[in-house]
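Each remark here refers to the structure printed beneath this line.
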Amino acid sequence: MNYLTLLKFALPEAVVTATALGVLGVQSSRPRRQGLCELLAVIGLLLAAGVVLILPAHADLFRGMLVASPLNALFKIICLVFALCTVVYTRGERLAHHAEYIALLLFATIGLMLMVSSEELLMIFIGLELTSLPLYVMTAFNKTDRRGAEAGLKYFLFGSTATAFVLFGLSLVYGTCGTTVLVAIGQKVATQAVTPLLGVGVVMILAGLAFKIAAAPFHFWAPDAYEGSPAPTGAFIASGSKVAAFLLLGRILLVAFGSLQGSATWHGFVAGWSPLLALVAALSIVVGSITALAQRNLRRLLGYSAVAHAGYTLLGLIVPGSQGFAATLFYTTIYGFTLVGAFGVVGLVRQQTGGDAISDFAGLRFRSPLLAVCMAIFLVSLAGLPPLAGFFGKFYLFAMVMRDQGMVWLVAIGLGGSLVSLYYYLVVVRTMFVDPPPSEVATIETGWTERLLLSLLGAVVLLLGLVPSLLLSRIEASL
Amino acid sequence: MIAYTIYLTFAGAVLVLLVPRAFAKWVALLAALAGCGIAAIAFLQVSDFAQFQTIIRVPWVPSLGIDYHLAADGISLTMALVTGLIGISSVLFSWNIENRQNEFFFWLLLVVGGSYGVFLSADLFLFYLFYELVIVPKYFLIATWGSTNKAYGAMKLALYSFFGGALVLIALLAAYSTGGSLDLQELSRFHFSSQFQFWAFPVMFLGFAVLAGIWPLHTWAPTGHVAAPTAASMLLAGIVMKLGAYGALRVSLNLFPEGFHIWSGAIAALAVIGIVYAAAIALRQRDLKFVIGYSSVSHMGFVLLGLATAQALGAGGAVLQMFSHGIIAGLLFAVVGRMIYDRTHTRDLTVLPGLALNRVIPFAAFTFVLASAAAMGIPGFSGFPAEITILIGTWRAYPALVIVAGVGMALTAGFMLRALKKSFFGEPIPTQCPDYAPISVPEKIGAALLLCVTLVFGLFPNLLLERILPAVETMRWLNR
């Protein structure tokens, strides 16, 4: 192992780092050229994605610290795409320190890439922190916005507590297993007797990661962060951060603690993390779906629906063995695409109407047909209706869970949650398409980049619904 | 070839969005005509009705065993034909839509295309996709272009449909995990354990029956029909309710025959309650559209009763009734929604008699007389052979229920005659001297089309039965 190999496999991260520094440099030398920062960031992200594609598909550096595999490469690219969308959204956002925002976003992206590509506890923790810290700042980025400050503080306090939990859990796991490499932990756990200490460690890690994915009862930050942060931050929290966290959660549970899975079957309950996750998933679906009913603010609604969707996505991990992991990864990816799109629309509407209450979307169809159609696609996909990606995603998850018919109770809760959520998604859709627009508001102006991006995202959501194999076969081949 | 009904209808839907306003209805009409034409040709040309013959089969999501698999037998062909006919006539009866035409016809064609898809699917995932596909278009049609209480009616319909779909999905996934396939043919050869069928059948059947308007989960139907614009009422009563009945027949009965035999008595009881209850409610309605809405529930009760007999004749009659009621309900809603309500802006049975509509719009009166005769089951119209075959089947399985169903038929005659008298043959009040637009050409063509169909198949029911019965007789849930 020499430094050249290290440099080679860390090149995508290095490119993004260099881009971030470049953005800061450009800003200090030419403070007026905002567009340059975005352009630089876009080029850097594309370059990083290109490098990921070129690199050899399999490598393992420093016993799991940096792992190259088809799965990691796929999700690195997905995270980079989400970051790219977020950069495009910052164009229209009125942010005081534009370049710094983009730099922070890029740093958070590096964190995601590390989270995705590491199979070793210390690196994973570094990745988690590298993602979280910039996200706290990005949430409270508008210093004059009270809601933003509140959201940032909440996110930070909850987040740091969750981090403490994760770190404590990791140390307990390290203490009982004597290694930080996931595969080695897996072997240890499978052979030696389970100590209560290890159990506590696993539960603490779970609690910390449940915070990251905004699963109930660790979700209280999510609605505030979704509502109060600048729209691009919301998009990034809901997509990149979530996708990477799910990949990480699945990887830790299945690789390191696969033998402790247990069973959440109704009659054949076996202690392990699976029943725990089942409980968290069921609670998330119920709490998220029902609380979202009462929301009048669209971003808050998306925040609570995120809780419910975290619940659906978890279902795949509860399935015995690792069959359901593909379903989880598929669902979280399409959810990411959907939410990036939805936040894009919300951000544009907010820039022009000054608000993001559901009533601000009244008559959107007459003010900007493209935005309305895209938003309808995203919302109907979230509701899980065909022919959109959310339909196949949910079908796949439920089909996996039903492999074990004792878990029909989870499917029933999931479908009940979907039924409730259909109501509030349809209410928003009706507001956009049926209600007349407020008379004083003119059409909503959008730039061509936003139009293009939103159309593409809408097309992705539709296409992955019609031909899910496009993504699914890649995930399955790389698992 | 019949697969092109789906493709052409969806292609038409997309095209409608792209053309200028003035062409929207023409494109929609063309798409509906093309779909119906193909369905009719296939209906006449196909010679082997008994087998569920594969039309196309390509892998879709290989890792889950999902195929894009379409197939058709006599039942599918019959249902595709009624879909095409209702498709054409609903476009014709929407000729006067002014508000957001392109979108209106887009959603309308989506419902039609999705329904073709349901009737032709042979893969359960595909079937379920098409089944759920029609929820959003229905919602938009009612919420945007509807009348009385439209937001409520649209949402109620969407939630009920989704609820039914959720029940279906649970049993469907259980069957998938047990039988290891999503192919309808393979699964219907698989033997599920009796214990499994005991719970899976009622869950799935009930899920489908929600959309077929089974008592006591029928309440979406009258509210939805009343809230909907004319074309959507026609689609709802004419096709969408049949999706539920068709799903029950094609999927739940074929997959779980043992479960069906355990529960068939309960289904028959619910069906008969529905027939009598809905007819009795219809007798007391003030809103003319509610009368027709409840009559739909009552007539769909016959379909469920026919299925519950597990006799070839009863089940064949049920399919015949699905066809016949689709046409007749479409006709009734067309008269009430388009001919009467669009002109008078009232459906109140206490106001309508004063307008003496038979003098103002005699063609509407003529159509409504024939349509209500058909709905009452007068010989000569398609309702008669349908109901009589169902009753013969019922006589063999549940003799006592025939009497109750007979009461329902008498009540049907009662409320239809009451509606007829009040809406068209009241004493005119001279002060309200109305002057309404004459019946337009598209309305006349649409009404004539549906009237001809119900007459032709009423006089020659064998045209349908010779296609339906062989298909029904191959099904393994029949009591022989």
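The values are calculated or read from the model by the stated rules, or taken from the named source; none is laboratory data. Here the structure is a predicted model, which is why all the values come from computation and not from measurement. All Cβ positions, even for glycine, are placed from backbone atoms using ideal geometry, and neighbour counts span all protein chains on display.
Worth a mention:
- Residue match in region A:211-229 (condition: among the basic types (Lys, Arg) and surrounded by 21 or more Cβ atoms within 10 Å (Cβ to Cβ)): yes
- In this structure, B:Val168 qualifies as buried (at least 24 other Cβ atoms within 10 Å of the Cβ), within 12 Å of chain A (Cβ to nearest Cβ), out of contact with any strand residue (DSSP E or B) (no Cβ under 8 Å at 6 or more places or on another chain) and at pLDDT 90 or above.
- Single unsatisfied condition, A:Met375 versus (1) touching a helix residue (DSSP H, G or I) at 6+ places or on another chain (Cβ under 7 Å); (2) facing another protein chain (nearest Cβ under 10 Å): (2)
- Residue that is surrounded by fewer than 24 Cβ atoms within 10 Å (Cβ to Cβ) and under 18 Å from B:Leu133 (Cβ atoms), where the choices are A:Leu457, A:Leu479, A:Leu419, A:Leu385: A:Leu419
- Any chance A:Ala292 is modelled with pLDDT of 90 or more, among the aliphatic types (A, V, I, L, M) and under 16 Å from the mean Cα position of the chain (by Cα): no
To keep it simple, each residue is scored yes or no on (1) touching a residue at least 60 places away in the same chain (Cβ under 8 Å); (2) closer than 11 Å to B:Gly35 by Cα.
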position	(1), (2)
B:Gly84	yes, yes
B:Leu92	yes, no
B:Asn99	no, no
B:Phe106	yes, no
B:Leu110	yes, no
B:Gly117	yes, no
B:Asp123	yes, no
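- For the criterion of being in contact (Cβ under 8 Å) with a residue 40 or more places away in the chain, out of contact with any strand residue (DSSP E or B) (no Cβ under 7 Å at 6 or more places or on another chain) and more than 25 Å from A:Pro232 (Cα to Cα), A:Leu253 passes.
- Any chance A:Val340 is more than 12 Å from chain B (Cβ to nearest Cβ) and in contact with a helix residue (DSSP H, G or I) (Cβ under 8 Å, 6 or more places away or on another chain): yes
- For region A:264-284, the set of residues classified as over 24 Å from A:Ser418 (Cα atoms) and not β-branched (Val, Ile, Thr) consists of A:His267, A:Gly268, A:Phe269, A:Ala271, A:Gly272, A:Trp273, listed by residue number.
- Which listed residue, of B:Gly306, B:Gly247, is touching a Ser or Thr at 6+ places or on another chain (Cβ under 9 Å), closer than 27 Å to B:Met475 by Cβ and not hydrophobic (A, V, I, L, M, F, W, C): B:Gly306
- Any hit, region A:435-452, residues being under 20 Å from A:Leu301 (Cα atoms) and either in contact with a Gly (Cβ under 9 Å, 6 or more places away or on another chain) or of a type outside the set (Ser, Thr, Tyr) (or both): yes
- Residues in region A:368-382 include none that are within 29 Å of A:Ser439 (Cα to Cα), outside any helix (DSSP H, G or I) and free of Cβ contacts under 8 Å to residues at least 12 places away in the same chain.
- Filtered by the rule that a residue be in contact (Cβ under 8 Å) with a residue 12 or more places away in the chain and either acidic (Asp, Glu) or not in a helix (DSSP H, G or I) (or both), region A:155-191 gives A:Thr180, A:Val181.
- Top-ranked residue of region B:182-195 - restricted to ones that are in contact (Cβ under 8 Å) with a residue 24 or more places away in the chain and within 12 Å of another protein chain (Cβ to nearest Cβ), ranked as surrounded by the fewest Cβ atoms within 10 Å (Cβ to Cβ): B:Phe192
- Within this structure, B:Ile340 passes the test of being of a type in the set (Val, Ile, Thr), closer than 22 Å to B:Leu449 by Cα, at pLDDT below 90 and in a helix (DSSP H, G or I).
- Wholly within region A:384-479, helices (runs of 4 or more DSSP H) carrying at least 2 residues that are of a type in the set (Phe, Trp, Tyr) and within 10 Å of chain B (Cβ to nearest Cβ): A:389-401, A:408-433
- Members of region B:135-159 that are of a type in the set (Phe, Trp, Tyr) and more than 8 Å from chain A (Cβ to nearest Cβ): B:Trp145, B:Tyr152
- Counting only helices (runs of 4 or more DSSP H) wholly contained in region A:193-240, the ones carrying 1 or more residues that are under 24 Å from A:Ala96 (Cα atoms) occupy A:221-228, A:231-236.
- When A:Thr191, A:Thr163, A:Thr180 are checked against the criterion of being touching a strand residue (DSSP E or B) at 6+ places or on another chain (Cβ under 9 Å) and of a type in the set (S, T, N, Q), A:Thr180 stands alone in meeting it.
- Residue in region A:68-89 that is touching a Ser or Thr at 6+ places or on another chain (Cβ under 9 Å), without any contact (Cβ under 8 Å) to a residue 60 or more places away in the chain and assigned to a loop (DSSP other than H, G, I, E, B) present: no
- Residue within region B:205-224 that is facing chain A (nearest Cβ under 10 Å) and part of a helix (DSSP H, G or I) present: no
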